[in-house]
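K.L.:
Below is one structure. I have some questions about it.
We did not get these values from a lab; they are worked out from the coordinates using the rules stated. Predicted model only: the values in this text are computed from it and were never measured. Reconstructed Cβ throughout: ideal geometry from the backbone, glycine too, with neighbour counts over all protein chains shown.
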Amino acid sequence: MPFDPAALKYDDKGLIPAIAQDDQTGEVLMMAWMNAEAVARTLETGKVTYWSRSRQSFWVKGESSGHVQELVDFRYDCDRDCVLVRVNQTGPACHTNRRSCFYTAVRDGAEVELMAPEH
């Protein structure tokens with residue numbers, strides 16, 4: 001049965017959260033937003049495509065930085081309101097030049113930086 005991106009549950013702005021996970025390590029790399037067209041483009045091209053809320057436009061991850069996300073597997077949760085894209089990540093995933101956007105933890109009540117920017 002063919003998959004229809006409209007079968008997912010989008011918010012009132014037509015968006016769904018998308019979590020990017022490294023396919024090899026299982027590391028969570030980032031979270032961004034997709035709309036139905038971004039989902040369709042991702043599935044058609046194999047290049048993970050998000051919707052930029054600030055620019056109000058599509059962005060293919062790595063299009064300008066070279067830090068591309070090659071789609072390995074596309075999944076959605078039991079409620080159909082969140083997607084997981086398992087990817088082969090080239091270079092850092094975060095715009096701060098870190099491997100993951102989740103580089104800050106709270107430990108014993110204090111913020112701890114877990115990784116430095118890549119050079």
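K.L.:
For the chain, give the share of DSSP beta bridges that are antiparallel, in percent and rounded to the nearest 5; count only bridges with both residues there.
P.N.:
Restricted to the chain, the bridges split so that about 80 percent are antiparallel.
K.L.:
Over the range 67-108, what is the relative contact order in whole percent, taking alpha-carbon pairs under 8 Å and six or more residues apart?
P.N.:
32 percent
K.L.:
Could you compute the FRET efficiency for GLU63 and THR25, with r as their C-beta to C-beta distance and R0 at 30 Å, rounded to 0.05?
P.N.:
Step by step, r from the Cβ atoms, then E = 0.80.
K.L.:
Once you have a ≥ b ≥ c as the square roots of the Cα gyration tensor eigenvalues for the range 55-114, tell me rounded if a/c is under 1.5, and otherwise prolate or oblate according to whether a/b is larger than b/c.
P.N.:
Oblate, because a/c is 1.5 or more while a/b does not exceed b/c.
K.L.:
When a footprinting reagent is the concern and you count Cβ atoms within 10 Å, what order do ARG55, ARG75, ARG86 take, fewest first?
P.N.:
Fewest-to-most Cβ neighbours within 10 Å comes out as ARG55, ARG75, ARG86.
K.L.:
Any idea how far apart ASP108 and GLU37 come out in nm if each label point goes 7 Å out from Cα toward Cβ?
P.N.:
Result for the modelled spin labels: 5.1 nm.
K.L.:
Give the list, by residue number, of cysteines in the chain with no other Cys Cβ closer than 4.7 Å, or say none.
P.N.:
So, CYS78, CYS82.
K.L.:
So, one more: Taking θ as phi - 60°, what are the ³J(HN,Hα) couplings along the range 73-84 by the Karplus curve (6.51, -1.76, 1.60), each to the nearest whole Hz, with x for Gly and Pro?
P.N.:
Running phi through 6.51 cos²θ - 1.76 cosθ + 1.60 with θ = phi - 60° gives 8, 10, 10, 9, 7, 4, 8, 6, 10, 7, 10, 10 Hz.
K.L.:
Indicate the gyration tensor shape class of the chain (rounded, prolate or oblate), computed on the Cα atoms with a ≥ b ≥ c the square roots of the eigenvalues: a/c under 1.5 is rounded; otherwise a/b larger than b/c is prolate and the rest oblate.
P.N.:
Because a/c hits 1.5 or more and a/b exceeds b/c, the chain counts as prolate.
K.L.:
Show the residues, 5+ positions off or on another chain, whose built amide H is closer than 5 Å to the amide H of VAL48.
P.N.:
Close amide H contacts, sequence-distant or interchain: LYS61, GLN69, LEU71.
K.L.:
Taking only C-alpha pairs under 8 Å that are 6+ residues apart, what is the relative contact order of the chain in percent?
P.N.:
Relative CO of the chain lands at 23 percent.
K.L.:
Sticking with this one: Using θ = phi - 60° and the Karplus curve 6.51 cos²θ - 1.76 cosθ + 1.60, what whole-Hz ³J(HN,Hα) does each residue of the range 29-39 get, with Gly and Pro shown as x?
P.N.:
9, 6, 10, 8, 10, 10, 10, 4, 5, 5, 4
K.L.:
I would also like to ask the following. Taking the Cα centre of the range 15-90 as the origin, how large is its charge dipole in debye, to the nearest 20, when only Lys and Arg (+1) and Asp and Glu (-1) carry charge on their Cβ atoms?
P.N.:
Its charge dipole is roughly 260 debye.
K.L.:
Still on this structure, I have one more. If we count other beta carbons within 10 Å of each Cβ, what is the order of HIS95, HIS67, HIS119, fewest first?
P.N.:
Ranking HIS95, HIS67, HIS119 by Cβ neighbours within 10 Å, fewest first, gives HIS119, HIS95, HIS67.
K.L.:
How much net charge surrounds SER100 when only other residues with a Cβ under 13 Å from its Cβ are counted (Lys, Arg +1; Asp, Glu -1)?
P.N.:
-2
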